[in-house]
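First up is the structure itself, then whatever we jot down about it.
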Amino acid sequence: MTTAIKYWLITLATLIATSTAQHCFAYNAGDFIARAGFARVQPNDDSDPLSLNGTELSQLGNGLPRTEVQVDGDSQLGITFTYMINSHWGLGLLASTPFKHDVHASALGVKVGEAKHLPPTLTLQYFPMNKDAKWQPYVGLGINYTQFFDEKVDGELDAALAGLGATGDASLSLDSSWGLAAQLGVDYKINDRWVVNSSLWYINIETTADVDVPGLGKMQTDIDINPWGYMLSVGYVF
């Protein structure tokens, strides 16, 4: 069982338990909650095999295996904001400092490259507690936009491509992505203004990676990153 799944189960159990919490706290229309803390993005990735000019590397007659790629996770400062439309509904925004991900082709034994991304995510959040409650669980559904930047090809891949006839260093680009996002979280009141928060996202991120290789052409693969994101934070209510 992955860390993200364990975290989700713990959070779900917490939400169920809070349904009988003692009443003493609620959000009101116009409240603005800002939260900041530790955020982790853990890809639940899958990809097509790398292709060169439209042909899979494994079919080029050079003895190469299938070359799906894998995307590593990363941790950064996470920031979320919620504006309460009324006591039950809010608009939430997820932001962060840029996440950096290494991309590997394990079958080739090389690191393909690395890239940074920003994942702004807007959700409509529902807070189900009917009365003031010290615990405030919520669920959210919305949309994510992921912008990739600072993409770089690793020297390991350049060395492997040189053996195939490349005449220079390759360059990497990743397409931006739009996708759905789901959220689960809970706030716990410390006092009238401060809360601690635990939250989880599942985000649909799909991209195409293009590697331009001098002397060979274009390598390409479609990658479904579809990460779990989880965050522990402290928040302030305005």
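Taken together, the values in this text are just the output of simple stated rules run on the coordinates, not laboratory data. What you see is a predicted model, and the numbers here were worked out from it, not measured in a lab. Ideal geometry is used to build each Cβ from the backbone, glycine not excepted, and the neighbour counts take in all protein chains shown.
Here the residues I33, I143, ranked from fewest to most Cβ neighbours within 10 Å of their Cβ, fall in the order I143, I33. With the highest mean first, a sort of the peptides 119-129, 227-237 on other beta-carbon atoms found within 10 angstrom per residue produces 227-237, 119-129. Which FRET efficiency value, to the nearest 0.05, do you get for K100 and T55 by plugging their Cβ-Cβ distance into 1/(1 + (r/R0)^6) with R0 = 41 Å? Calculated transfer efficiency: 0.85.
Applied to the stretch 133-147, the Karplus parametrisation 6.51 cos²θ - 1.76 cosθ + 1.60 on θ = phi - 60° returns per-residue 3J(HN,Hα) values of 9, 5, 9, 10, x, 7, 10, x, 9, x, 9, 10, 10, 10, 10 Hz, with x for Gly and Pro. Net charge within 14 Å of I33 by Cβ-Cβ distance, Lys/Arg positive one each and Asp/Glu negative one each, not counting I33 itself? Surrounding charge for I33 is 0. For the stretch 87-238, the relative contact order is 19 percent, taking Cα pairs closer than 8 Å that sit 6 or more residues apart in sequence and dividing their mean separation by the residue count.
Over all other residues within a Cβ to Cβ distance under 11 Å of G179, the charged ones net out to -2, with Lys and Arg as +1 and Asp and Glu as -1.
Would you mind giving the average projected area, over all directions, of the Cα convex hull of the stretch 182-238 in nm² with one decimal? Convex hull of Cα atoms, orientation-averaged projection: 5.9 nm². Ranked for footprinting exposure by Cβ neighbours inside 10 Å, fewest first, F99, F38, F238 give F238, F38, F99. FRET efficiency for the pair W89 and A162, taken as 1/(1 + (r/R0)^6) with r the Cβ-Cβ distance and R0 = 41 Å, rounds to 0.10.
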